[in-house]
1. Considering only DSSP beta bridges where both residues belong to the chain, give the percentage that are antiparallel (nearest 5).
2. Answer rounded, prolate or oblate for the range 292-416, using the Cα gyration tensor with square roots of eigenvalues a ≥ b ≥ c: rounded when a/c is under 1.5, else prolate when a/b is larger than b/c, else oblate.
3. Going down the list Lys61/Lys150; Lys123/Lys275; Lys3/Lys88; Lys129/Lys263; Lys3/Lys204; Lys146/Lys186, which pairs span over 29 Å between their C-alpha atoms?
4. Please work out the FRET efficiency for the pair Asp346 and Lys44, using the Cβ-Cβ distance as r and a Förster radius of 35 Å; give the result to the nearest 0.05.
5. For Ala78 and Asp128 in one chain, what is 0.36 nm times their gap in residues minus the Cα-Cα distance, to one decimal in nm?
6. Once amide H atoms are built 1.01 Å from N in the peptide plane, which residues 5 or more positions from Asn253, or in another chain, come under 5 Å H to H?
7. Pairs of Cα atoms under 8 Å, at least six residues apart: use those to get the relative contact order of the chain, whole percent.
8. Once you treat every alpha carbon in the chain as an equal point and sum by Debye, what is log10 I(q)/I(0) at q = 0.11, 0.12, 0.13 Å⁻¹?
Amino acid sequence: MAKIEDFNFKGKKAIVRVDFNVPLDENGNITDDTRIRGALPTLKKILSDGGSLILMSHMGKPKGKVNPKLSLAQIRDAVAKALGTDVKFAPDCAKASEAAKELKPGEVLLLENLRFYPEEEGKPVGIDKADPQYDEAKKAMKESQKEFAKTLASYADVYVNDAFGTAHRRHASTAVIAGYFDQNDKMLGFLMEKEVKAVDNILKDIKRPFTAIMGGSKVSTKIGIIENLMDKVDNLILCGGMTYTFAKAMGGNVGKSICETDKLDLALDIMKKAKEKGVNLVLGTDCVAADDFNNNANTQICSVMNIPDGWEGLDAGPDSIIAFRNVIVPAKTILWNGPAGVFEFDNFTTGSKAIADAIVEATNNGAFSLVGGGDSVACVNKFGVADSVSYVSTGGGALLEAIEGKTLPGVAAVSE
Ligand code: AMP
């Protein structure tokens with residue numbers, strides 16, 4: 001694998017897998033451009049060396065079909081503005097040979113959403129897993145995926161993977177494509193290098209106490225990381241929507257709060273494991289309950305064990321916030337994934353904001369703090385504290401899988 005800092009891109013065409021899967025509002029305006037800004041060091045290095053850029057990314061989940069709402073044409077101007085140069089656009093990512101051939105040093109070509117082709121993800125479409133033909137269809141799709149990756153590879157001399165957000169996927173553009181480049185012509189981008197190093201910081205050389213804060217809506221999507229963290233952390237805060245699954249499992253009445261009733265045993269098992277492993281599990285004890293799922297709903301503070309019928313917990317309560325602070329402020333290593341409440345509603349941001357503030361305080365006292373996962377990133381941006389924590393990761397699933405100790409296909413593919 002080549003090293004981007006040592007590589008001279010002069011006269012080379014570089015195809016770069018970026019993660020431009022940025023959130024858009026209903027008018028197609030970017031609401032958070034963290035991911036575009038994150039890729040700039042790599043892109044600017046290539047251009048300033050005298051190389052040309054072919055940018056490829058996915059956006060959303062078009063499931064192998066063209067969907068104008070998920071067209072990367074919508075972000076072309078924002079990318080051009082960020083790079084300070086014009087950006088050409090290839091409306092079909094698999095038919096961009098001519099456009100790529102014509103690129104001159106310093107020029108930029110953005111390819112249309114890779115996931116408009118099912119080959120990008122490599123999953124057969126329109127056939128159920130239970131279908132006897134599924135395995136055949138999967139095999140055939142893997143072959144077309146290779147062809148698709150080969151086409152993308154043919155546009156360029158060099159491959160750079162700077163898309164940490166999708167590094168946990170073995171897709172055409174994130175991993176398969178790397179097989180069509182020599183060892184010396186493929187590498188990780190600066191953002192990927194930084195992300196990998198930040199995870200290393202959390203996993204190796206842990207300074208204690210280590211506090212992890214897991215929030216968000218569901219236990220089920222976070223169970224892998226929760227179990228893995230149990231072997232590493234001193235304190236584990238579980239907050240957000242997960243709170244109510246735990247409260248219900250302990251016999252509480254959670255009203256109409258978000259609750260995974262089929263995960264009650266899992267919640268009890270997590271509590272048991274934490275005890276066995278000597279992990280201090282911190283669960284919310286009180287909440288801000290609302291009579292409706294909207295910003296202007298009526299609210300009351302109540303115990304998570306006793307939420308009135310028709311009401312739902314949408315934010316952490318004052319006692320919970322104190323308990324969270326008590327294990328965040330003295331920590332020396334901190335990982336935060338997932339908000340403590342429905343932070344998208346301004347009236348339910350208090351818990352998440354208190355967590356962010358406590359993390360900043362600990363960071364100022366010398367802790368290493370890593371914030372990752374789309375929603376936590378949106379939180380630190382909303383509260384204006386992104387620059388006051390040690391590292392904000394652009395990866396959600398990729399970050400969690402890396403912390404679970406899994407090898408990321410996107411990283412492995414350029415190293416092979
Ligand atoms: P996740 O994608 O699992 O990290 O979940 C993030 C989402 O969880 C955010 O959109 C939050 O609004 C949501 N969330 C956090 N707390 C709650 C809650 N108490 N009730 C419903 N949704 C919540």
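Just so you know, all these numbers are worked out from the coordinates, no wet-lab data involved. Fair warning: this is a prediction, and the values are worked out from it, not measured in the lab. Positions of Cβ are backbone-derived with ideal geometry, glycine not excepted, and every protein chain shown enters the neighbour counts.
1. 20
2. On the way: a/c = 2.26, a/b = 1.66, b/c = 1.37.
Verdict is prolate for the range 292-416.
3. On the way: Lys61/Lys150 23 Å; Lys123/Lys275 41 Å; Lys3/Lys88 27 Å; Lys129/Lys263 25 Å; Lys3/Lys204 22 Å; Lys146/Lys186 17 Å.
Flagged as over cut-off: Lys123/Lys275.
4. Working: r = 35 Å, r/R0 = 1.01.
Computed FRET efficiency for Asp346 and Lys44 comes out at 0.50.
5. Numbers: separation 50, 0.36 × 50 = 18.00 nm, distance 3.88 nm.
Contour length minus the Cα-Cα distance gives 14.1 nm.
6. Sorted by chain and number, the residues that satisfy this are Asn306, Ile307.
7. Details: 900 pairs, mean separation 64.0, N = 416.
Across the chain, relative contact order equals 15 percent.
8. -0.87, -1.01, -1.13
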